[in-house]
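Notes follow the structure.
The values are calculated or read from the model by the stated rules, or taken from the named source; none is laboratory data. In this text, all values refer to a predicted model and were calculated from it rather than measured experimentally. Virtual Cβ from ideal backbone geometry, glycine too; neighbours counted across all protein chains shown.
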Amino acid sequence: MITPAYKIKNMSINSVNKKILTVNCFHCKKEIGVKYVPFNTSYSHINNWEYWTEDEKNKGLWLCDFCLFKLFRIHKWEFRKLIKTKEKQSLLRQYIAAGRIRGEIEESFIISKEQRERERERERERESKNH
Ligand SMILES: [Zn+2]
């Protein structure tokens, strides 16, 4: 479950490359480097939790690609609850479909390799139908 309670304390700008902001994912605590996007004159919004939730309370919270991916793929109910606007929901969906946000889903049950391949095949089919 996602609990946006952990606030980032040591937000530091990498001294080697000033255009990378080093932050920690509030969920899994993993370190992430947020790229500066000159075109938007701001840091990439992909990992910016306030951007997705449009909630000021989440200012300064960052979520890594893996956690965003999991939120979307596994925690669908929470995904809809936390990311309130349809625009942001569909944008995140697009980012995942385009591979801009990558992640993995852990297996809940141990199944054979063949079974897993079939599952993936089915998922790919479902995805291509949705787009
Ligand atoms: Zn994370």
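The table for this structure:
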| item | result |
| --- | --- |
| Any chance LEU71 is away from the ligand (no atom under 15 Å from the Cβ) and either in a helix (DSSP H, G or I) or over 16 Å from ARG93 (Cα atoms) (or both) | no |
| Test for GLU78: is it touching a residue at least 60 places away in the same chain (Cβ under 8 Å) and away from the ligand (no atom under 13 Å from the Cβ) | yes |
| Qualifying residue in segment 123-131 (condition: more than 11 Å from the chain's Cα centre (by Cα), in a loop (DSSP other than H, G, I, E, B), more than 20 Å from ILE20 (Cα to Cα) and in contact (Cβ under 8 Å) with a residue 12 or more places away in the chain) | yes |
| Cβ-Cβ under 6 Å pairs, at least 6 apart or on other chains, segment 21-35 side part of a loop (DSSP other than H, G, I, E, B), far side modelled with pLDDT of 95 or more and more than 8 Å from the ligand (Cβ to nearest atom) | PHE26/LEU61 |
| Failed criterion for TRP62 (all others in (1) within 17 Å of GLU104 (Cα to Cα); (2) under 11 Å from the mean Cα position of the chain (by Cα) hold) | (1) |
| Count - residues of segment 48-68 that are of a type in the set (D, E, K, R) and assigned to a helix (DSSP H, G or I) | 4 |
